[in-house]
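Worksheet: the structure to be examined is printed underneath.
The values are calculated or read from the model by the stated rules, or taken from the named source; none is laboratory data. No experiment lies behind these values; they were computed from the predicted model shown. Cβ sites come from the backbone with ideal geometry, for glycine too, and all protein chains shown count toward neighbours. For the accessible areas, the whole protein counts, side chains as well, though only heavy atoms, and no ligand, DNA or RNA atoms are used. Shrake-Rupley method; radii C 1.70, N 1.55, O 1.52, S 1.80 Å.
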Amino acid sequence: MGAGFSLDIADGMSPMTYEFAIFDFDGTLADTAEGFMAASNIAATRFGFRQLSLEEFKGLRAMSSREIIAHMRVPMWKLPRIATFMRQEMAAQAPSTRLFPGVSDMLTGLKAAGIGIAVVSSNGEAAIRTALGETATAVDLFECGATLFGKAQHFKRVVRFAGIDPLHVLAIGDEARDIEAARKARISAGAVGWGYADPAFLRSLGPDRFFDRMDEILPAFRAAKG
């Protein structure tokens, strides 16, 4: 979809041309950290794992998802039920969910530039559409309800939908598991510095592209135009 634009992935390397953008939602497009922490502590009481203070949550930012699960003593066999509960809690918060500044302009700008857009998230589609509001019309595909370690399969479905070489798809997220899933799906991995995970930790994982600011995303996709 779209003509595709060039994106420099590292100094001294040939630019990669991307034609499709996949976005995570929580922590990437929407500032849901406070609500997620509250929902997590409610789930902890209900499903029998550790409740965490704000300072403890901050300490999780430099951990992988598996390390976080171990730290919080989450029973693995309860993960599907916990995920369902968390989606319900986040859906209740959707009307008051705040997008990060610049998200609407960035998404509509990508759409206008001919770049395909998908949202892949463990959150529910209805909740995401509510939070995005009118900007939801810029999204070509919603792949929602992904399991904690199941994003790669959703990424592969997006690639089939787009009908392009996986290397021309850039998945942008804010957690280690987003990078891991992109690699499993053999697509390019992008990371942002304003979400749940610590920026230095994400950089250490070697994503193909790292964004410090929201306004860097659109110019990156448009870099080779003209």
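From Ile164, Ile115, Ile187, grab the single residue that is touching a Gly at 6+ places or on another chain (Cβ under 6 Å) and either of a type in the set (A, V, I, L, M) or under 22 Å from Met86 (Cβ atoms) (or both).
On inspection, the qualifying residue turns out to be Ile115.
If I filter segment 182-226 down to residues being among the acidic types (Asp, Glu) and free of Cβ contacts under 8 Å to residues at least 40 places away in the same chain, which single residue comes out as surrounded by the most Cβ atoms within 10 Å (Cβ to Cβ)?
Of everything passing the filter in segment 182-226, Glu216 is surrounded by the most Cβ atoms within 10 Å (Cβ to Cβ).
Which of (1) in contact with a Phe, Trp or Tyr (Cβ under 8 Å, 6 or more places away or on another chain); (2) at pLDDT 95 or above; (3) open to solvent by less than 70 Å² (accessible area, probe 1.4 Å) does Ile179 not meet, given it meets every other one?
(1)
Could you list, in sequence order, the residues of segment 46-83 that are open to solvent by less than 30 Å² (accessible area, probe 1.4 Å) and within 19 Å of the chain's Cα centre (by Cα)?
Answer for segment 46-83, where residues must be open to solvent by less than 30 Å² (accessible area, probe 1.4 Å) and within 19 Å of the chain's Cα centre (by Cα): Leu60, Ser64, Ser65, Ile69.
Could you tell me whether segment 154-163 includes any residue that is assigned to a loop (DSSP other than H, G, I, E, B) and in contact with a helix residue (DSSP H, G or I) (Cβ under 8 Å, 6 or more places away or on another chain)?
Scanning segment 154-163 turns up no residue that is assigned to a loop (DSSP other than H, G, I, E, B) and in contact with a helix residue (DSSP H, G or I) (Cβ under 8 Å, 6 or more places away or on another chain).
For the subset of segment 136-153 comprising residues that are open to solvent by less than 20 Å² (accessible area, probe 1.4 Å) and within 21 Å of Arg186 (Cα to Cα), which member is modelled with the lowest pLDDT?
Among those residues, the one meeting the criterion is Ala146.
What tally of residues in segment 95-111 results from selecting those that are crowded, with 16+ Cβ neighbours inside 10 Å, assigned to a helix (DSSP H, G or I) and of a type outside the set (A, V, I, L, M)?
4
Tell me, yes or no, whether segment 77-86 has at least one residue that is in contact (Cβ under 8 Å) with a residue 60 or more places away in the chain, within 30 Å of Phe221 (Cβ to Cβ) and of a type outside the set (S, T, N, Q).
Of the residues in segment 77-86, the ones in contact (Cβ under 8 Å) with a residue 60 or more places away in the chain are 79-80, 83.
Now narrow it down to the ones that are within 30 Å of Phe221 (Cβ to Cβ): none.
Scanning segment 77-86 turns up no residue that is in contact (Cβ under 8 Å) with a residue 60 or more places away in the chain, within 30 Å of Phe221 (Cβ to Cβ) and of a type outside the set (S, T, N, Q).
Please go through segment 112-128 and give me each residue that is open to solvent by 10 Å² or more (accessible area, probe 1.4 Å), more than 17 Å from Met37 (Cα to Cα) and either out of contact with any helix residue (DSSP H, G or I) (no Cβ under 6 Å at 6 or more places or on another chain) or at pLDDT 95 or above (or both), ordered by number.
Residues satisfying the conditions are Ala112, Ala113, Gly114, Glu125, Ala126.
Scan segment 31-42 residue by residue and report those that are within 22 Å of the chain's Cα centre (by Cα) and hydrophobic (A, V, I, L, M, F, W, C).
Hits for segment 31-42 are Ala33, Phe36, Met37, Ala38, Ala39.
If I go through segment 16-45 residue by residue, how many of them are among the aliphatic types (A, V, I, L, M), touching a strand residue (DSSP E or B) at 6+ places or on another chain (Cβ under 7 Å) and open to solvent by 10 Å² or more (accessible area, probe 1.4 Å)?
1
Do we have any residue at all in segment 11-24 that's assigned to a helix (DSSP H, G or I) and in contact with a Phe, Trp or Tyr (Cβ under 9 Å, 6 or more places away or on another chain)?
no
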